[in-house]
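Read through the structure below, which is laid out as structure tokens, and then see the notes.
Values quoted throughout were computed directly from the atomic coordinates according to the rules given, and no laboratory measurement underlies them. Worth saying up front: this structure is predicted, and the values here are computed from it rather than measured. Heads up, the Cβs are rebuilt from the backbone with ideal geometry, glycines too, and the neighbour counts pull from every protein chain shown.
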Amino acid sequence: MEQLGGPYADQDPAVRGWLDFSSAVRRYFQWDRWAAFGLFQRAAASFEEAGERQHVLAMTHIQICQCYRHFGAYVESRRVAEALLARHDPETLGAKAGRAFLAFSRSFLGEVDEGIQGLQKEIDLATADDNNHTVGNLRSQLATIYLHRGDIEAAEREAMAAIDLLARSQMDLIATLATLADARLKQRCAASALSAVERARAVLRAFPPDYAVSPHLELVHAEALDAMGDHARAQEMIAVARADLLARAEQISDPGVRRSFLEDVPENARTVARAEAWLGPIRSSS
């Protein structure tokens, strides 16, 4: 796409938008999320300049919302979700995604019951439309909310229901298996948690190295090994997980977003805390 569109990017904002969007998608799935975020923002500005008001602009704002959620910037995620709702008709992709993102964001901003109710409503609508992939994705999000709320049985139930619907969406499947493993750890079922981790690992091994990333899976794998008594391997794994997490945080140039990424994403905060408890704080090189 860069070879075809590059010569026209300066003159045509739509071409410029598509170039940035395609590069952003690649960076996003390679877990270079901060770079992807900047490119999605640039793409949105270009599509706005070009007068684009349909599917591609909605998709770009959806991805920006997803990036904010990844960074733990739930206030900003909510803002973009509300803008999607205001901008698009209720039955469009933009509005449906906006409702789902709004529900998820609310659950992390002290409105847990409202978030759960919002996601359940979207699950019902997607079920009526026979959209199994969307149902699976929404149930996976609901499992995450239940997990953080401490309703572990509900988290396990929703994760199990989601797994059956996400066989063709491997990244979503890996994330859901990590949530399932986390729930089983909290039920003190370490062997069952490790089984879910190993299933996720089997899927992850098929990915190219740049795409084979799952921070939550690394965390629960380390915790499952520790619970099974393999403390040495657990410590090795959590050390790598912390180093990788901190390296990704260093790529985030905005201090507020960097802080939310490390402190407000529960799994990230837990990775740092678990590593410090097992290994101690990172020593300064100075």
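Summary table
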quantity: Furthest towards positive pole of dipole, A241, A202, F71, structure part the chain, Cβ charges; calculated: A241
quantity: Global geometry of the stretch 144-286, whether rounded, prolate or oblate, following the gyration tensor of its Cα atoms and the 1.5 cut on a/c; calculated: prolate
quantity: Under Karplus coefficients 6.51, -1.76 and 1.60, residue-wise ³J(HN,Hα) of the stretch 35-45 in Hz, glycine/proline x; calculated: 5, 4, 4, x, 5, 5, 5, 4, 4, 4, 4
quantity: Distance-filtered residues of the stretch 168-203 - backbone nitrogen under 14 Å, label point 7 angstrom along D230 Cα→Cβ; calculated: 190-202
quantity: Three-way shape label, the stretch 25-110, alpha-carbon gyration tensor, a/c 1.5; calculated: oblate
quantity: Potential extension, E48-N132 segment - 0.36 nm per residue separation minus Cα distance; calculated: 27.0 nm
quantity: Between helix 112-128 and the chain: long-axis angle, C-alpha atoms, 0 to 90°, nearest 10; calculated: 70
quantity: Degrees between helix 190-204 axis and first principal axis of the chain (Cα, 0 to 90, nearest 10); calculated: 40
quantity: Theoretical FRET efficiency, 1/(1+(r/R0)^6), r = Cβ-Cβ of V112 and S253, R0 22 Å, to 0.05; calculated: 0.10
quantity: Ranked list, fewest to most other Cβ atoms within 10 Å of each Cβ, for S253, S195, S107, S214; calculated: S253, S195, S214, S107
quantity: Modelled FRET efficiency - R0 41 Å, H55 with A273, Cβ distances, 0.05 increments; calculated: 0.50
quantity: Shape call, the stretch 119-218: gyration tensor on alpha carbons, a/c limit 1.5; calculated: oblate
quantity: Pairwise centroid distance, computed over Cα atoms, of the stretch 86-108 with the stretch 189-207, Å; calculated: 32
quantity: Identified option (computed Cα Rg over 2.2 N^0.38 Å; candidates [x] 1.25; [y] 1.60; [z] 1.03); calculated: [z]
quantity: Test item: Cα-centred dipole of the chain, Lys/Arg +1 and Asp/Glu -1 on Cβ, debye; calculated: 480
quantity: The stretch 116-181 versus the stretch 226-267: alpha-carbon centroid distance in Å; calculated: 24
quantity: Rounded to the nearest 20 debye, dipole of the stretch 219-278 from Cβ charges on Lys, Arg, Asp, Glu; calculated: 80
quantity: Those residues of the stretch 85-110 whose amide nitrogen sits under 14 Å from the label point placed on L125, 7 Å along Cα→Cβ; calculated: 85-104
quantity: Theoretical gain in end-to-end length, E91 to R205 [0.36 nm per residue, Cα-Cα removed]; calculated: 37.3 nm
quantity: Normalised per residue, the volume of the convex hull around the Cα set of the stretch 70-179 (Å³); calculated: 96
quantity: Net charge dipole size for the stretch 1-121 [Lys, Arg +1 and Asp, Glu -1 on Cβ; Debye, nearest 20]; calculated: 320
quantity: Added length on full extension, which subtracts the Cα-Cα distance from 0.36 nm per residue, E82 to R188; calculated: 34.3 nm
quantity: Distant alpha-carbon pairs in the stretch 1-157 (separation over 22 angstrom), percent; calculated: 46
quantity: 13 Å beta-carbon shell around I152, net charge (K/R +1, D/E -1); calculated: 0
